[in-house]
1. If I go through the stretch 111-125 residue by residue, how many of them are surrounded by 11 or more Cβ atoms within 10 Å (Cβ to Cβ), at pLDDT below 75 and in contact with a Leu (Cβ under 8 Å, 6 or more places away or on another chain)?
2. Quick one: THR128 ticks every box in (1) modelled with pLDDT of 80 or more; (2) within 34 Å of the chain's Cα centre (by Cα) bar one, so which box is it?
3. Are any residues in the stretch 1-37 small (Gly, Ala, Ser) and either touching a Leu at 6+ places or on another chain (Cβ under 8 Å) or without any contact (Cβ under 8 Å) to a residue 24 or more places away in the chain (or both), and if so, which ones?
4. Could you say whether any residue in the stretch 49-72 is under 26 Å from the mean Cα position of the chain (by Cα) and free of Cβ contacts under 8 Å to residues at least 60 places away in the same chain?
5. Go through the stretch 9-40 and give me each residue that's crowded, with 16+ Cβ neighbours inside 10 Å and under 26 Å from TYR86 (Cα atoms).
6. Check off (1) surrounded by 11 or more Cβ atoms within 10 Å (Cβ to Cβ); (2) more than 30 Å from GLN135 (Cα to Cα); (3) not β-branched (Val, Ile, Thr) for ARG108 and give me the number that stays unchecked.
Amino acid sequence: MIYGGFAVQVMYNKMGQIHSLNWLDMRKCRTDEEHNKVYYSKEFATKSSPKYLTFKAWKRGEEYRNESAVFFYTGGKRTVYPLPRYSGSITAIETSIRIDNFHLNSIRNNFSNNTIVSWHQGVPDEDTKKRLEKQFNEKFAGDENAGKVIFTFDDGKENGVEITNLSDD
């Protein structure tokens with residue numbers, strides 16, 4: 001299901017009869033474009049020059065005696081590798097994951113990226129900036145603080161705090 005195909009090593013005896021079938025993990029198989037050979041390695045995902053075994057690709061009507069061949073099923077829709085049944089859904093799945101992640105991060109970082117807090121009381125030193133940002137985030141950001149009402153107290157707009165939304169909630 002993951003890859004939309006499968007690979008089976010077909011083992012033949014001296015009389016040309018099938019004596020066993022061995023399932024091969026598709027992650028560890030590669031094939032040439034003509035499907036004449038199948039390459040198998042446990043190192044394909046981890047090394048740029050992996051060691052691999054080479055097998056004949058199984059073909060209907062061919063005789064095999066005391067050897068093995070690999071039946072590499074691709075569903076006939078692709079030239080080299082199979083196309084999984086869910087491939088048309090990959091974009092929708094990724095979009096859904098990203099939307100969920102967006103909403104989760106919106107909850108975790110309630111005022112991040114869509115709100116600017118401007119302090120109209122001069123430019124404080126770096127330590128004061130960090131302390132104010134930390135206190136503000138602890139009080140108003142995150143899922144536990146979602147939906148809280150913010151109260152401000154100031155001597156006038158020129159000395160107050162201004163909050164500007166960059167996007168709709």
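The values are calculated or read from the model by the stated rules, or taken from the named source; none is laboratory data. What you see is a predicted model, and the numbers here were worked out from it, not measured in a lab. Cβ placement follows ideal geometry from the backbone for every residue including glycine, while neighbour counts extend to all protein chains displayed.
1. Matching residues across the stretch 111-125 total 4.
2. (2) is the only condition that THR128 fails.
3. GLY4, ALA7, SER20
4. Yes, that holds for at least one residue.
5. GLN9, LEU24, MET26, LYS28, CYS29, ARG30, THR31, VAL38, TYR39, TYR40
6. Exception for ARG108: condition (2).
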